[in-house]
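All remarks here apply to the structure that follows.
The values are calculated or read from the model by the stated rules, or taken from the named source; none is laboratory data. It should be emphasised that the depicted structure is a prediction, and the values quoted were computed from it without experimental measurement. Cβ atoms come from the backbone with ideal geometry, glycine included; neighbour counts cover every protein chain shown. With ligands, DNA and RNA removed, areas are computed over all heavy atoms of the protein, side chains included. Shrake-Rupley method; radii C 1.70, N 1.55, O 1.52, S 1.80 Å.
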Amino acid sequence: MGDVWQEVLSVQPEPERWIIVTAAVLALAAVLLGPPWRIARNVVTIAHEGGHALVALLSGRQLTAIRLHSDTSGVTVSRGRPTGVGMVLTVFAGYVASSVIGLLGIVMLMSDRITALLWLSIVVLAAMLLMIRNIYGVVSVVGTGAVVFGVSWFTPPEVQAAFAYLFIWFLLFAGIRPVFELQSQRMRQPSPHSDADQLARLTGLPGTLWVVVFGLFNLAVTGLGVWLLFF
């Protein structure tokens, strides 16, 4: 185990620039193109619900369940005050979680902690699995964790680096498209249960304004991530 932890915490060589750029292009394609997006969006749902769950715990709420569905929707249930700053932050966290995780991942990649990043992802997924309450959610989280573990355990450092950059670029870019999807859904089929409309009830500010805030926040975070790596 000592050798394993030494490997996890060690610094890996920085990949060549073309690998980083190629990973960014592939990640952007996965967000923009329909077929890969329909599959990869499950990862965004995991990040979305994980964001709700983490902020709920940090704000003192009691986390009771997380469910992930095959249509890439999800729900996180927590108990506590139905109003207040903690509830607002918990609801807000979902649509910004993917971009924030992507930015934090970029910070780790800049310090060449590639294996540590992959293993931290596995630990987070394992913790989230404890709160999953439906079969599809279990399959989705376990499947994602198995892919990350397989890459981190069975592949050489070059492959790990390429995968890590692809994974993090995807999370960074993928925070933007769901915001457009949210507004499109609100226009086609209004629902009081969307995060934006829940925030509207909690704060008195229009739901559309919260959609704009989600979008601007994620665009700013994405821009910062690109700047950190390339400039």
Compare Val147, Val88, Val43 in a GNM of the chain, Cα atoms joined below 10 Å, and give the one with the largest fluctuation. Val147
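What's the extension gain from Val123 to Arg17 if we count 0.36 nm per residue and subtract their Cα-Cα distance?
Once the chain is fully extended between Val123 and Arg17, it gains 35.3 nm.
Accessible area per residue, 1.4 Å probe, Å², for segment 135-231: what's the number?
Values: 5040 Å² over 97 residues.
Heavy-atom SASA per residue in segment 135-231 reads 52 Å².
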Under a Gaussian network model of the chain whose springs join Cα atoms within less than 10 Å, the largest fluctuation of Phe180, Phe92, Phe154 belongs to Phe154
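Could you do me a favour and compute the accessible area per residue for segment 13-123, 1.4 Å probe, result in Å²?
On the way: 5350 Å² over 111 residues.
Here the per-residue accessible area is 48 Å².
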Can you send over the solvent-accessible area of Arg67, 1.4 Å probe, protein chains only, in Å² to the nearest 10? 90 Å²
Using a Förster radius of 30 Å, what is the FRET efficiency between Phe154 and Arg133 based on their Cβ-Cβ separation? Nearest 0.05, please. 0.45
Taking a probe of 1.4 angstrom, what is the accessible area of Ser73 in Å², to the nearest 10? 40 Å²
Comparing Phe214, Phe170, Phe149, which has the greatest mean-square fluctuation in the GNM of the chain with Cα pairs linked when under 10 Å apart? Phe149
On full extension of the chain, what length is gained from Arg38 through Gln185, given 0.36 nm per residue of separation minus the C-alpha to C-alpha distance? 51.3 nm
Take Ser10, project a point 7 Å from its Cα along the Cβ direction, then tell me which residues of segment 154-168 have their backbone nitrogen under 16 Å from it. 154-161
Using a 1.4 Å probe over the heavy atoms of the protein chains, calculate the carbon and sulfur portion of the accessible area of the chain as a whole percent. 71 percent
Defining a contact as two alpha carbons under 8 Å apart and six or more residues distant in sequence, what relative contact order in percent does segment 76-231 show? 36 percent
Which label in (i) 73, 54, 31; (ii) 56, 36, 30; (iii) 51, 36, 31 gives the computed Cα extents along the principal axes in Å: (iii)
log₁₀ I(q)/I(0) of segment 102-231 at q = 0.12, 0.18, 0.19, 0.23 Å⁻¹, via Debye over equal Cα point scatterers, no solvent, to two decimals? -0.63, -1.08, -1.11, -1.20
I need the shape label for segment 1-100. Rule: rounded when a/c is under 1.5, else prolate if a/b > b/c, else oblate, with a, b, c from the alpha carbon gyration tensor. oblate
Exposure of His193 as accessible area (Å², to 10), given a probe of 1.4 Å and all protein chains: 140 Å²
